[in-house]
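The values are calculated or read from the model by the stated rules, or taken from the named source; none is laboratory data. Keep in mind that this is a model prediction, so the values were computed, not measured. Note that we place each Cβ from the backbone using ideal geometry, even for glycine, and neighbour counts take in every protein chain shown. Please note that ligands, DNA and RNA were not included when accessible areas were found on the heavy atoms of the full protein model with its side chains. Shrake-Rupley method; radii C 1.70, N 1.55, O 1.52, S 1.80 Å.
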Amino acid sequence: MGLSFAVGVLVARHFGPTEFGQITFVVATAGVFGSLSSLGLDDLVPKDMAQDKQPGVSVDDMQRTALTMRLFGGGLSYLLLLVAVWWTDEFGLLFWLAFILGPYFLLQATDVYEYRLRVEGGFGQIARVRTLASLGANLLKATVVWLSFPLAWLAATMTAEFGLNALLFNKIAAMHAGWGRGQFRVEYAQQLLSRSWKIILAGVLMMVQSRIEYFLVEHFLGWDSVGQYAAALKVVELFDVVTVILVTIMLPEFARKYQESPERTVRQGYLLGCMSFMILMPVMGAAIWLFPIAYGEQYAPAFAVLSLFMLRPFFIMVNSVRNMMLVIEHKFWYPPFCAAIGVIASLGFGCYLIPLLGLWGAVLSAVLSLFASTFLADLVANRKNLIAFLSCWREIKPICQGLRGV
């Protein structure tokens, strides 16, 4: 993450706010289709593998079925990305950037091997794969900046990172002989889709919510402001990722514990999320202080709004923990409801605040929409979850006692 951030600064400084805004606009558009590409399997399949309670379906069958489905979802998402960007820019620069970047949807299918490693405790292997791929991709990005290659080459390096991930995960899969013995199970695939379509819908809506400011900023303020917004968001997303990683690691274990003590498990999830956010707060302060030094004067407007933007990781943490628990509880209807509230709030706040306040309006709109899709949504339709969040402090004493026992 640190290396990616450092290279990202070099990229932003080299290409400037306008071109940086264009490439991030394409990445943001691709992100809208990310949930469709994964078909909502990122949470369901690891949970199924951990519990291993699907009659007649082995873990190897789950892996083969999920891999096939991910390849189909990736191809469909690539096609939709090209159509969406063509609708915006026809066959201009944005379309060709999307054409180069889009194959990563297909390459991400090998994340299925990560599902298996997570369940079997192979976090060291996952870390090595992700780190090596990131190192290779960032070296390529630095080379693009050093040689002053055009923007299309930068898009190619982004795709290359997913290619390296796929290559390394395939290598690990080849080392596990049993992993190749599974069969595609039509019944299991149908069952997955019957459970995941609500997750897919929620994922698409949540990505629209989190990326809609890009489109509104471009519409109201232009490409330079898109680059400014993107530079600030790139810093904030470093801290978003920490909460997502935390939830990814917790899911298999919490799926096992939930059956024993549901309410306590939910509270513990929120407590761990809040603790991770508090630990990150000094690092966030350091990031704000370093931002103008790293990005330079050309990104001064982004620096001005960065402090307000740092509220985003808190809401991302709450939403990530809540969604993890909803998957465990099989309440798949609720994430689309929350995401729909977030999209409506983003559109309403964005269309009003961005013309009025400029970049400040975009950031304020993003934060308010996250507040609406988390706490306001729970206040309306899921107060039990809101109570669990507010009472998570009750788990501090049991956790401390457990640590003393260890």
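Quick notes
Each row is one residue, and each column tells you yes or no for (1) farther than 22 Å from Ala30 by Cβ; (2) surrounded by 17 or more Cβ atoms within 10 Å (Cβ to Cβ); (3) of a type in the set (D, E, K, R).
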{"position": "Pro150", "(1), (2), (3)": "no, no, no"}
{"position": "Leu154", "(1), (2), (3)": "no, yes, no"}
{"position": "Met158", "(1), (2), (3)": "no, yes, no"}
{"position": "Ala166", "(1), (2), (3)": "no, yes, no"}
{"position": "Phe169", "(1), (2), (3)": "no, yes, no"}
{"position": "Ala174", "(1), (2), (3)": "yes, no, no"}
{"position": "Gln183", "(1), (2), (3)": "yes, no, no"}
{"position": "Glu187", "(1), (2), (3)": "yes, no, yes"}
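- Number of the exception - Ala381 against (1) at negative phi; (2) open to solvent by less than 80 Å² (accessible area, probe 1.4 Å); (3) at pLDDT 90 or above: (3)
- Qualifying residue in the range 68-82 (condition: over 30 Å from Ala152 (Cβ atoms), in contact with a helix residue (DSSP H, G or I) (Cβ under 8 Å, 6 or more places away or on another chain) and either of a type in the set (D, E, K, R) or crowded, with 22+ Cβ neighbours inside 10 Å (or both)): yes
- Residue check for Met317: modelled with pLDDT of 85 or more, within 20 Å of Ser210 (Cα to Cα) and either in contact with a Phe, Trp or Tyr (Cβ under 7 Å, 6 or more places away or on another chain) or assigned by the TED database to the domain that holds Arg394 (or both): yes
- Some residue of the range 78-85 being under 26 Å from Leu233 (Cβ atoms), touching a Gly at 6+ places or on another chain (Cβ under 7 Å) and hydrophobic (A, V, I, L, M, F, W, C): yes
Matching residues to (1) assigned to a helix (DSSP H, G or I); (2) aliphatic (A, V, I, L, M); (3) out of contact with any Leu (no Cβ under 9 Å at 6 or more places or on another chain):
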site	(1), (2), (3)
Ala133	yes, yes, no
Trp153	yes, no, no
Leu164	yes, yes, no
Phe169	yes, no, no
Phe184	no, no, no
Gln190	yes, no, yes
Ile199	yes, yes, no
Leu205	yes, yes, yes
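- Filtered residues of the range 106-138 (kept if under 24 Å from Phe149 (Cα atoms) and open to solvent by less than 10 Å² (accessible area, probe 1.4 Å)): Ala133, Ala137, Asn138
- Phe309 being under 23 Å from the mean Cα position of the chain (by Cα), closer than 21 Å to Thr243 by Cβ and open to solvent by 20 Å² or more (accessible area, probe 1.4 Å): no
- Any pair with Cβ under 8 angstrom, 6 or more apart, that starts in the range 226-247 at a residue that is under 30 Å from Met325 (Cα atoms) and ends at one that is open to solvent by 10 Å² or more (accessible area, probe 1.4 Å) and not in a helix (DSSP H, G or I): Val236/Met310; Leu238/Met1; Phe239/Met310; Val241/Met1
- Flag for Ala6 being of a type outside the set (Asp, Glu), surrounded by 20 or more Cβ atoms within 10 Å (Cβ to Cβ) and part of a helix (DSSP H, G or I): no
- Exclusive hit being touching a Ser or Thr at 6+ places or on another chain (Cβ under 9 Å), outside the structural domain of Gln51 (by the TED database) and open to solvent by 20 Å² or more (accessible area, probe 1.4 Å), set Ala340, Ala300, Ala362: Ala340
- Thr18 being at pLDDT 90 or above, in the same structural domain as Tyr113 (by the TED database), of a type in the set (S, T, N, Q) and out of contact with any strand residue (DSSP E or B) (no Cβ under 6 Å at 6 or more places or on another chain): yes
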